[in-house]
1. Could you compute how much accessible surface residue 201 exposes when probed at 1.4 Å, giving the result in Å² to the nearest 10?
2. Express the accessible area of the chain per residue in Å², computed with a 1.4 Å probe while the remaining protein chains stay in the model.
3. Starting from the 7 Å offset along Cα-to-Cβ, what nm value, one decimal, do you get for the label separation of residue 38 and residue 86?
4. Given an 8 Å cut-off on Cα distances and at least 6 residues of separation, report the relative contact order of segment 105-199 as a percent.
5. Which residue, 88, 116, 55, tops the fluctuation ranking in a GNM of the chain built on C-alpha contacts under 10 Å?
6. At 0.36 nm per residue, and after removing the present C-alpha to C-alpha distance, how many nm does the segment from residue 244 to residue 315 gain when stretched out fully?
7. Please report, in debye to the nearest 20, how large the charge dipole of segment 252-291 is about its Cα centre when each Lys and Arg carries +1 at its beta carbon and each Asp and Glu carries -1 there.
8. Of all DSSP beta bridges located in the chain, what percent are antiparallel, nearest 5?
Amino acid sequence: MQVLQATSASKSQSSSGYEMGIGLGLAMLSVMIWVWLLAFRGQFWRTDQMLEATSPLPDPWPSICAIVPARNEAELLPITLRSLLSQSYPGDFSVFLIDDHSHDGTGEVARQVAQSLNRSDQLTVLAAEPLPPGWTGKLWALEQGVRRAQTLPSPPDYLLLTDADIQHDSENLQHLVARACDHQLSLTSIMVLLRCKSAWEKFLIPAFVFFFQKLYPFRWINDPAHPTAGAAGGCILIRRTTLEKIGGMEVVRQALIDDCTLAKAVKATPGENRIWLGLSRSTQSLRPYDSLSSIWEMVARTAFTQLGYSPLLLLGTIIGMTLVYVIPPFTAIVGSLTGSWLLAAIGFVGWLLMSYAYWPMIQLYGCPFWLAACLPAIAVLYNLMTLDSAWRHWRGAGGTWKGRLYSERQVVGDRTE
């Protein structure tokens, strides 16, 4: 009996030691991954790629035409359109707002805003044409604005593609153009500050930008010699001749992730490979994401698209996110509870490294410092959103923009409205 008990105890210790060895191996692997990310992933975690007034002012100032797709934006336009029409830009500047079949008086509100500022001559409101096959609503609205701008007696030097929910700093356009001219950029874009007021926004929105920067390191994007390309669709300044050279908006008409697709097309074009993407402390999006469901919808709309609809990449992403974000706190807690101090120490090191990486983004968004330690829980939620994105794809659901649903069939050419 004693022999059996000893044998059983030995097997239990052996099993426990084996599991501990696996835990140590995974914890160490996670730490090594974080060391590599911090040292060799384009310093993605920094927030130093910032649009600031550091570039010399061009002389003369190029002409600009802003293209604003707007669908049911009457509530925000008194703030956002006012900020756009009030730009302190010394050069020729006009705005084309495309009223995309709104039913809340968007077009009339836009005209009233321009009239209140005595800028009616600066604004043109276009009624969007019916959505043709193979286009998403936002891109079709942009296409119509671009076409109209190209037919002007004096076509603009640059086009500002911007969303109707963006409140622009009064010098935003001036800084964008100064940087574009100084560095001879074909495309200049900023990741505006996303709204971060509600509890769910504070918990999830900074991480959205953090994950985007990890996927598209800004320093790599801003290096003409590096193939990585990216942009933020809320605010893109593009040279008109560059857009014509790549084939216009039609090049990205089937893309749900249109901003990065546009940036990739520009950077891959000979002679047009200078692009720039940075952050802004003052220009911001007013689009609210007050609930978990609204943020979930935003992420699930394109998460699986980012993975090229690949089941293998999906599996790799889930495993990778678990290893990088979940293993460190899990092993730290388990090690502490079981008295395995080496396991706990390694787990805490990994947790500390990821918190250190996330801290600059937390500071940028003015969130409580302790949220930096919540990145593992946030990553779990984003994992679930990605799985939901894949599930939507497999059952034929697609992305949405302002109330429109786009199935996979429609994106490749069929019309479903």
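The values are calculated or read from the model by the stated rules, or taken from the named source; none is laboratory data. As the structure is a computational prediction, the values presented were derived from the model and not from experiment. Don't worry about glycine lacking a Cβ; one is built from the backbone with ideal geometry, like all the others, and counts go over all protein chains shown. Protein only, heavy atoms only, side chains kept; ligands, DNA and RNA dropped before computing areas. Shrake-Rupley method; radii C 1.70, N 1.55, O 1.52, S 1.80 Å.
1. Solvent-accessible area, nearest 10 Å²: 0 Å².
2. Values: 18730 Å² over 417 residues.
Here the per-residue accessible area is 45 Å².
3. 4.3
4. Details: 26 pairs, mean separation 11.2, N = 95.
Rounded, it is 12 percent for segment 105-199.
5. Between 88, 116, 55, it is 116 that shows the largest mean-square fluctuation.
6. Details: separation 71, 0.36 × 71 = 25.56 nm, distance 3.88 nm.
Residue separation times 0.36 nm, minus the Cα-Cα distance, leaves 21.7 nm.
7. Details: 6 positive and 4 negative charges, 26 e Å.
Here the size comes out at about 120 debye.
8. Working: 13 of 36 bridges.
Rounded to the nearest five, the antiparallel share is 35 percent.
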